[in-house]
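The next block holds one structure in the form of structure tokens; read it before the comments.
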Amino acid sequence: MFICCIWSIRGDWTVRIGRTGSSLYLNKYSWNKEANLLFLESPAGVGFSYTNTSSDLKDCGDKRTAQDAFVFLFKWMSRFPQYKHRDLYIAGESYAGHYIPQLAKKIVDYNKAYSKPIINIKGILVGNGVTDDYYDSIGTITFWWTHSMISDKTYRAIMENCNFKEDKTTNKCDDSVNYAMNHEFGDIDQYSIYTPSCIQLPNSTVRLKNAILQRRVSGYDPCTENYAEKYYNRPDVQKAMHANVTGIPYKWTACSDVLIKNWNDSESSMLPTYKELIAAGLRIWVFSGDTDSVVPVMATRFSLSHLNLTIKTRWYPWYSGKQVGGWTEVYNGLTFATVRGAGHEVPLFQPKRAFILFTSFLAGKPLPRFQ
């Protein structure tokens with residue numbers, strides 16, 4: 001089997017980057033111990049991925065990203081035929097909450113015409129994923145409030161002034177959210193609210209649909225993104241990775257402001273797609289690091305609850321050794337799990353717990369109860 005990781009789950013790298021940005025060290029909980037991993041930087045324009053047509057960066061969105069990823073997988077397997085027909089699982093986090101289900105649906109729809117399709121998709125794994133604009137937004141604001149990040153007054157103001165069913169926000173809504181971020185949040189890493197924040201990078205604000213998110217660095221070491229940016233912009237590293245064939249200085253960044261600004265289409269809800277994938281019989285696991293306030297566990301729970309799935313195994317704590325690793329509930333067609341003490345990128349914050357979750361997913365077995 002092999003895993004195609006989209007919008008890379010950075011913590012499952014085989015190696016990680018040292019604090020100086022000049023050295024690497026092994027990750028003993030790397031997922032490639034259990035499966036072949038194929039990382040796809042998607043869409044074109046993020047990381048080292050690129051397009052020969054610069055106008056493509058101003059004409060991007062969900063539909064084209066899904067199509068491009070599908071074409072990539074098809075052509076990759078044609079080039080490496082030994083991987084045809086192998087069990088394939090697709091994994092990703094954050095906005096890959098759109099990319100993963102959309103790509104899976106592309107594959108499922110294509111495969112209907114073949115008795116033995118070359119892309120033998122078996123399941124998807126989504127972490128802290130954007131799922132439904134309305135329910136995600138309600139869940140996010142509720143998470144802020146219940147975790148004492150905002151006051152009662154601000155919580156009420158946001159709920160009263162923001163219509164999360166609309167594409168555009170009002171001035172009153174923006175003012176309420178901005179007040180929360182600028183006057184009540186404090187200097188925290190919103191991707192992991194209980195770990196120290198890195199003070200080496202300036203803040204910038206980005207907008208994703210109805211939510212205004214303060215972009216901060218993330219990771220167990222809050223300055224991990226600094227180290228990565230330094231390492232991947234070294235000319236010798238880019239040459240060794242064949243990432244810059246032109247020889248012209250290339251600026252690697254974790255996110256692309258150009259793509260965010262020019263994103264043209266975004267489905268308001270992934271719930272109908274989830275229903276189709278469940279009906280197709282795919283193994284579907286959704287997990288959440290429970291200290292992330294950007295796409296928090298409460299947002300995902302609110303969204304998934306509206307699939308109205310039948311509970312197969314009731315909510316219970318799962319264990320990593322003798323410690324609670326998180327909580328899980330199994331439904332007919334989908335498994336949901338939390339990872340205790342993990343931020344937005346679960347494998348980076350809790351590598352051992354993420355590894356247990358990953359191996360359980362691949363085996364199709366419930367997360368371990370206390371032994």
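Structure notes:
- So Leu309, is it open to solvent by 30 Å² or more (accessible area, probe 1.4 Å) and either touching a strand residue (DSSP E or B) at 6+ places or on another chain (Cβ under 8 Å) or part of a strand (DSSP E or B) (or both): yes
Each row is one residue, and each column tells you yes or no for (1) open to solvent by less than 40 Å² (accessible area, probe 1.4 Å); (2) modelled with pLDDT of 80 or more; (3) closer than 30 Å to Leu334 by Cβ; (4) under 21 Å from the mean Cα position of the chain (by Cα).
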site	(1), (2), (3), (4)
Tyr231	yes, yes, no, no
His242	no, yes, no, no
Cys255	no, no, yes, yes
Leu259	yes, yes, yes, yes
Trp263	no, yes, yes, yes
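- Every condition in (1) out of contact with any Pro (no Cβ under 8 Å at 6 or more places or on another chain); (2) polar (S, T, N, Q); (3) open to solvent by less than 20 Å² (accessible area, probe 1.4 Å) is met by Thr65 except one, and the failing one is (1).
- Residues of segment 294-336 satisfying the condition of being closer than 20 Å to Thr146 by Cα and small (Gly, Ala, Ser): Ala299, Ser303, Ser305, Gly326
- Looking only at segment 337-361, residues that are open to solvent by 10 Å² or more (accessible area, probe 1.4 Å), modelled with pLDDT under 95 and farther than 20 Å from Ala35 by Cα come to 1 in all.
- Among residues of segment 191-227, those that are at pLDDT 85 or above and either charged (D, E, K, R) or open to solvent by less than 60 Å² (accessible area, probe 1.4 Å) (or both), counted: 5
- Pairs where the first residue, in segment 346-371, is without any contact (Cβ under 8 Å) to a residue 40 or more places away in the chain and the second is open to solvent by 20 Å² or more (accessible area, probe 1.4 Å) and basic (Lys, Arg), C-beta under 9 Å, 6+ apart: Arg353/Arg340
- Residues of segment 4-41 that are modelled with pLDDT under 85, part of a loop (DSSP other than H, G, I, E, B) and either charged (D, E, K, R) or touching a Pro at 6+ places or on another chain (Cβ under 7 Å) (or both): Ile9, Arg19.
- Which numbered condition Tyr89 misses (of (1) among the hydroxyl-bearing types (Ser, Thr, Tyr); (2) out of contact with any Leu (no Cβ under 9 Å at 6 or more places or on another chain); (3) buried (at least 16 other Cβ atoms within 10 Å of the Cβ)): (2)
- Of all the numbered requirements in (1) of a type in the set (Ser, Thr, Tyr); (2) within 27 Å of Tyr194 (Cα to Cα); (3) assigned to a loop (DSSP other than H, G, I, E, B), Tyr316 misses one, and that requirement is (3).
- For Ser269, the stated conditions do not hold, so it cannot be described as among the hydroxyl-bearing types (Ser, Thr, Tyr), open to solvent by less than 40 Å² (accessible area, probe 1.4 Å) and closer than 25 Å to Ala354 by Cα.
The values are calculated or read from the model by the stated rules, or taken from the named source; none is laboratory data. Computed from a prediction, not measured in an experiment: that's the story for all the values here. Note: ideal-geometry Cβ built from the backbone for every residue, glycine included; neighbour counts use all protein chains shown. In case anyone asks, the SASA skips ligands and DNA or RNA and just uses the protein heavy atoms, side chains included. Shrake-Rupley method; radii C 1.70, N 1.55, O 1.52, S 1.80 Å.
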